[in-house]
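Okay, so here's the structure we're looking at.
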Amino acid sequence: MKQKQDTLIVTLGRDPHANFGVVNPPVYRASTILHPTVEALRGRKQPYTYGRRGTPTTVALQQTIAGLEGGHNTMLTPSGLSAVTTALLSLLRTGDHLLMTDSVYGPTRHFCDTILKRNGIETEYYDPLIGAGIERLMKTNTAVVFTESPGSITFEVQDIPAIARVAHARGAKLVIDNTWASPLYFKPFEHGADVSIQAITKYLCGHSDAMMGAITTNEETWKSALSGHGALGQMAAPDDAYLVLRGIRTLSVRLERHMKTGLTLARWLAARPEVARVLHPALENDPGHAIWKRDFTGASGLFGVVLKPCSDAALAAMLDHLELFGMGWSWGGFESLIVPQDLTGIRTVTPPKFEGPLLRIHAGLEDPDDLIADLDAGFARLNAAGN
Ligand SMILES: *Cc1c(COP(=O)(O)O)cnc(C)c1O
């Protein structure tokens, strides 16, 4: 029987009867793994050969993520960023050209502008809304087209199928950072991706207490990516893998609530006199809404808000005294977050012109009425502080 997504969330990566009936896979902590004979040691045919190469706990997580993303298999890394850097280092070599969306996660850009540049790999940033127009940027040495949709901080929705068609026609790989939608709300391999990256740290973990990344690939790309991952010594710890497996079992119900509360907040904010615009692809008047609706099956709880111009002091009066919204990096946990964002240095081709300060909000699992009351009090402080 082919299981539906919400069933797979429960069943993938679990085999209770292989573990005395225990529901969850146990944590196997390992460096050394013993081989019974010289033949077994030399043959490397055991399913597990060395801690860095994986344990039953990390493999259970790999299988779970691969099944949800719809890819061939998954590799784990110690952070979302290391998943990005490992994938790029595995797919690129000196002399290659990389097309990178201008809306990419800032640390990904930093990696391209430092390590890749130093190693003779040229990164060219492109307009996230370019779609099939990416054709005119393709060069004979373009090896990877990197996408992230919606874009970090600014939430532009990319036409992934159109970009993938061009990339493949020109012999390049299509990589997507699929963290915002999680594997539940965007199926990268059905839309032409060769490689999908998850910052597991966000929704898959879901509890703000572990960091990890995943690289999932199609069958064709698996060997080269795995070889780079192994050469770089990448791995994830079994205790963290256990936490993430536990988090994933509730991913579907959590995300539904993040989406619902996020939309409630987004609509309330859009109607506020202090707000210039809300950046949320699930809002009907968002420029990315049509493509979002075509390609995604849901929205996460992360979105942007552009305020009308106000002083730094007024902004601080609003944000410094929020009770429920915490100020801190990352997102995807059960708690609500808000951070002022600065695009300086992280948009080079298509810098957006925003009316005033940009805030990034993560809608957590609290009651939306309480969250609205918290923001409402914040706006009262902002207004009282004057301009
Ligand atoms: C957070 C994030 C990452 C990096 O994940 P870490 O686990 O913090 O290294 C990569 N891509 C996107 C889109 C992210 O939001």
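The table for this structure:
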{"read-out": "Value in Å of the Kirkwood radius, where the range 240-340 supplies the Cα pairs that are averaged", "value": "15.4 Å"}
{"read-out": "Segment residue 385-residue 366, extension gain: residue separation times 0.36 nm, minus the distance between their alpha carbons", "value": "4.1 nm"}
{"read-out": "Helical segments meeting 30 Å axial Cα length and Kyte-Doolittle 1.0 threshold in the chain (DSSP H)", "value": "none"}
{"read-out": "Separation between Cα centres of the range 42-114 and the range 152-216, rounded to whole Å", "value": "12 Å"}
{"read-out": "Built amide H within the under 5 Å cut-off of residue 142, gap 5+", "value": "97"}
{"read-out": "Scattering profile of the range 60-237 at q = 0.11, 0.17 Å⁻¹ [log10 I(q)/I(0), Debye over alpha-carbon scatterers]", "value": "-0.40, -1.02"}
{"read-out": "Backbone N under 18 Å from the residue 139 label point (7 Å along Cα→Cβ), restricted to the range 75-91", "value": "89, 91"}
{"read-out": "Mean-position separation - Cα centroids, the range 241-315 and the range 333-387, in angstrom", "value": "11 Å"}
{"read-out": "Hull volume in cubic angstrom per residue (convex hull over the Cα atoms of the range 164-260)", "value": "106 Å³"}
{"read-out": "Diffusion coefficient, µm² s⁻¹, Stokes-Einstein with Kirkwood Rh over alpha-carbon pairs of the range 5-61 at 10 °C and 1.306 mPa s", "value": "122 µm²/s"}
{"read-out": "Pairs of Cα atoms farther than 38 Å apart, the chain, %", "value": "21 percent"}
{"read-out": "Heavy atoms of residue 148 accessible to a 1.4 Å probe, total area in Å² rounded to 10", "value": "10 Å²"}
{"read-out": "Helix-only [θ]222 nm of the chain, DSSP H runs n ≥ 4, -39500 (n - 2.57) each, per residue, nearest 500", "value": "-10500 deg cm²/dmol"}
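The values are calculated or read from the model by the stated rules, or taken from the named source; none is laboratory data. Every value quoted in this text rests on a predicted model; they were computed, and no experiment measured them. In this analysis, Cβ positions are derived from the backbone assuming ideal geometry, glycine residues included, and neighbour counts consider all displayed protein chains. Protein only, heavy atoms only, side chains kept; ligands, DNA and RNA dropped before computing areas. Shrake-Rupley method; radii C 1.70, N 1.55, O 1.52, S 1.80 Å.
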